[in-house]
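**Student:** I have a structure I would like to understand better, so I am pasting it below and will then ask my questions one at a time.
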Amino acid sequence: MSETGDPRGTLAERLEANTIERRKRLADSDWKTIDGSIRALDASGVRANVLQPGRTAPDFALPNADGEIVRSTELRSRGPLVVKFYRGSWCSYCNVEVRALMEVLGEIRALGGDMVAITPELPDEAAKMTAKHGLAFEVLSDVGNRVARQYGLVWTLPDRVRDFYGRIGLDLERSNGDDSWELPIPGNFVVAPDGTLLDVFADPDYRVRQEPAEVVDAIRRWAGR
């Protein structure tokens, strides 16, 4: 149980539990591949590419699971918008985080805000995330990572990680609909109604995520509450 009394624990605690389970299933050599690729990505200076608070968030128009185009300008016209980029429905860490964000959706909307999630997966794959967790916010497909690239999040998987994914049966070419082997760094961007970035969190280590309470706090500061 977390210090707040939540029996589900903080997001960090849930992510750590997920890591413990994954370590039981993966060989030490596989875990070294994961750790090494994360260190290399961080050392590449990719953090410097990520848009920072005070900048203008790129607008987007992307399809949801039903093929309907959802526009960020319409979503943020009603209040602050949380834009959540995640790697895919296959990512256990993304699943843990999305469930946690769903738990604070009511607080976000009570403050006048809303949330949308963006994945490089095809709409049918994105629909799996919505169905699995009963998500009440839009999940959009950014095939080719066009929007994620504008936010400074995109990186290319090295060959050793591609080989590892292939051995565990993960086919990104099928789920993403292209052969780029690119993924977004998971990130949260809180966008004001005028398009200004209020808060940003993006970590090259996909096992590290922002606490949902911090997302709510960013909107609360905007609302002056």
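The values are calculated or read from the model by the stated rules, or taken from the named source; none is laboratory data. What you see is a predicted model; the values in this text were computed from it and never measured. So basically every Cβ, Gly included, is an ideal-geometry build from the backbone, and we count neighbours across all protein chains shown. These area figures cover heavy atoms from the full protein model, side chains too; ligands, DNA and RNA do not enter into them. Shrake-Rupley method; radii C 1.70, N 1.55, O 1.52, S 1.80 Å.
Residues are listed down the side, and each one gets a yes or a no for (1) in contact with a strand residue (DSSP E or B) (Cβ under 9 Å, 6 or more places away or on another chain); (2) open to solvent by 40 Å² or more (accessible area, probe 1.4 Å); (3) among the basic types (Lys, Arg):
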| position | (1), (2), (3) |
| --- | --- |
| Glu16 | no, yes, no |
| Glu21 | no, yes, no |
| Leu26 | no, no, no |
| Trp31 | no, no, no |
| Ile38 | no, no, no |
| Thr56 | yes, yes, no |
| Leu75 | yes, no, no |
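**Student:** Within the stretch 163-172, restricting attention to residues that are assigned to a helix (DSSP H, G or I) and surrounded by 14 or more Cβ atoms within 10 Å (Cβ to Cβ), which residue is nearest to the chain's Cα centre (by Cα)?
**Tutor:** For the stretch 163-172, the residue satisfying everything is Leu172.
**Student:** From the list Gly112, Gly144, Gly79, which one is in a loop (DSSP other than H, G, I, E, B), open to solvent by 10 Å² or more (accessible area, probe 1.4 Å), at pLDDT 95 or above and farther than 17 Å from Ser175 by Cα?
**Tutor:** On inspection, the qualifying residue turns out to be Gly112.
**Student:** Val96 passes all but one of (1) farther than 20 Å from Glu182 by Cβ; (2) more than 12 Å from the chain's Cα centre (by Cα); which number fails?
**Tutor:** (2)
**Student:** Quick one: Pro63 ticks every box in (1) over 24 Å from Trp222 (Cβ atoms); (2) out of contact with any helix residue (DSSP H, G or I) (no Cβ under 7 Å at 6 or more places or on another chain) except a single one, so which number is it?
**Tutor:** Just one mismatch for Pro63, condition (2).
**Student:** Counting only residues that are open to solvent by 20 Å² or more (accessible area, probe 1.4 Å) and of a type in the set (A, V, I, L, M, F, W, C), which one in the stretch 61-73 is modelled with the lowest pLDDT?
**Tutor:** Ala65
**Student:** Continuing with this model, one more query. Can you tell me which residue in the stretch 173-217 is farthest from the chain's Cα centre (by Cα), limited to those that are in a helix (DSSP H, G or I) and under 19 Å from Arg99 (Cα atoms)?
**Tutor:** Asp217
**Student:** Restricting to the stretch 196-207, count the residues that are surrounded by fewer than 17 Cβ atoms within 10 Å (Cβ to Cβ) and under 25 Å from Gly106 (Cβ atoms).
**Tutor:** Residues flagged as surrounded by fewer than 17 Cβ atoms within 10 Å (Cβ to Cβ) and under 25 Å from Gly106 (Cβ atoms) within the stretch 196-207 amount to 1.
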